[in-house]
Amino acid sequence: MPKPLKKLDRREAVAQILKQRGDALLITGLGSPCWDAAAAGDIDTNFYVWGGMGGAAMIGLGLSIAQPARRVLVITGDGEMLMGLGALATISVQRPSNLSVVVLDNERYGETGMQATHTHHGVDLAGMASSAGFPLAATINSKNELTEFIPKLYEINGPVFCVVKVDDVKLPMVLPERDGTWLKSRFRKAVVGSLD
Amino acid sequence: MVKKKKTEIPWGDGIFESFIDNGIRQVAYVPDAGHARLISLCERSNKVRAVPLTTEEEGVAMLAGAWLGGDRGALLMQSSGVGNCINMFSLIQECRFPLFSLVTMRGEFGEFNPWQVPMGDSTDRALANAGVLVKPVDDVSRVVETVTAALTLAFSTYRSVAVLISQRIIGYKVWK
C-alpha cells in the first residue's frame, strides 16, 4: 500500500509553474529539480546545473542583472539552497526585481539516500529569505496555494522567494543533456545570440 | 626593516580602466584592503554593478550566470577566499565559462599572521588543481598589463584565469 501523499507532487508542481513561464529563463539546481524541469520539457533557455551545489540562486542573480528585461526563474531543492544560504543576503541587497527563486522542499537529500535536511527539523527557508529582505517570501503547502502563487513568480517586483513543500518520494530520473559546455553555449546563444 | 602601508594603491585605477575597456559589467567581491581602491571605483561607477558577497563561491556562480546573460564580470577576493571557491570552480571548468579572478595575496611575503599562511601558501596550487590558469604578478609596473592580458585570455578562450597580486606589491599589514 503506497503511503498517502500529503504534500505536492514535484513533477506536477514544476510542470504547472513552467507552463506559465512565457519567455522566462530557467536555472535548475542539481539533482531532482533538473529531472523535474527536463520532465516538463527541455528548451534552449533551460540551464541545468549538474554540480556546483549551493550556486543555483547566485547563477540566477548574475543572469538577472545581465538580463533585466527577462524574468529569471531558479528552481532548486532544499539541500542545494541550504548549502548557499548567504545568497539570500547577497540577492536581497541587490534586489533584482526580475528574479524568482523556487525551492522544491522534500526535506530530504534525494540523491544520496533521502537523509533528512535541516528543513525537516523545522528550519524555515521562506522565513530566512523574508528576514534577509526579500519583499515576497512564502511557503506553499497545497495545490490551491500554488495555483494562486504562480502568477506572482512572473509578475511581482522581486526578488520573490517561494518554498513548495513536496512529497519525499523518489521518482524515475528524467535526465537532460549533461555536457556543461554544450548547455552553456546553447543557453547563451538562445538568450544573447552570440558567444562573444 | 621596510614596512609599507596599505593606503596608496595607484594600480587600482589602472585595473578599473582596463575593466571598463574590456567591457566588464559585474564586479563581485569579498572586501580586501588591497582591493579597497578598485572596489570604491566600481561602486561609484554607473558602468559596472558592484556586488558584495557573503562568501567568494557566490561570485563564481554569479559570474557564470552573468556570462549566460551576456555580461562579463570580475571576481575580487583575498587568497583565503580561493579555498572557499574550489567546488564551485567545477561549474566553470566543466562548462568552460570565462571567469576572471583578481586575488590579493596574504600569507606570502612578510606576513605576520600565521593563520594566513596555510591558504596563502597553497593558493596557486589550489587554483591550478581546480583548472584555473594562474598569472602571478609581483612587479607593480606589470599589474595593469597582466590584468588586461588575463581578461583577454579569459574571455577570448573561455577559460578561468586568476591574477595573483603579491603581498610585495600590496604591502603587508603593520600590526601596531
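The numbers here are math on the coordinates, done by the rules we state, and not lab data. Note that the coordinates shown come from a computational prediction; the quantities given were computed from them, not determined experimentally. Every residue, glycine among them, receives a Cβ derived from its backbone with ideal geometry; neighbour counts consider all protein chains shown.
Between residue A:19 and residue A:120, full extension at 0.36 nm per residue minus the direct alpha carbon distance yields a gain of 33.5 nm.
Each part reduced to its alpha carbon centroid, segment A:1-80 and segment B:29-44 end up 34 Å apart. A helix-only calculation puts the protein assembly as shown at -12500 deg cm²/dmol for mean residue ellipticity at 222 nm, using -39500 (n - 2.57) for each DSSP H run of at least four residues, averaged over all residues. In this simple spin-label model, placing a label point 7 Å from the Cα along the Cα-to-Cβ direction at both residue B:109 and residue A:178 gives a separation of 4.5 nm. For the pair residue B:125 and residue B:21, label points projected 7 Å from Cα toward Cβ lie 3.6 nm apart. Within chain B, the longest run free of chymotrypsin sites (Phe, Trp or Tyr not before Pro) that sit in a DSSP loop with at most 16 other Cβ atoms within 10 Å is B:1-108.
Report the calculated FRET efficiency for residue A:111 and residue A:185 (r = Cβ-Cβ distance, R0 = 25 Å), to the nearest 0.05. Computed FRET efficiency for residue A:111 and residue A:185: 0.45.
Please state the shape class of segment B:1-121: rounded when a/c is under 1.5, otherwise prolate if a/b exceeds b/c and oblate if not, all from the C-alpha gyration tensor.
oblate
Counting neighbouring beta carbons within 10 Å and listing from fewest to most, the residues B:101, A:194 come out as A:194, B:101. In straight-distance terms, cross-link reach from residue A:189 covers every one of the aspartates and glutamates whose alpha-carbon lies under 20 Å from its own, apart from those fewer than eight places away in the same chain; here that gives A:23, A:42, A:44, A:177, A:179, B:71, B:94.
Placing unit charges on the Cβ atoms of the charged side chains and taking the dipole of chain B about its Cα centre, the candidate lying farthest along the positive direction among B:150, B:114, B:82 is B:114.
Packing order of peptides A:103-109, B:20-26, highest average first: A:103-109, B:20-26 (average count of other Cβ atoms within 10 Å over each peptide's residues).
Compared with the alpha-carbon gap, the fully stretched path from residue A:131 to residue A:194 is longer by 18.8 nm at 0.36 nm per residue. A DSSP coil position with no more than 14 other Cβ atoms inside 10 Å describes the following trypsin sites (Lys or Arg not before Pro) in segment A:1-72: A:6.
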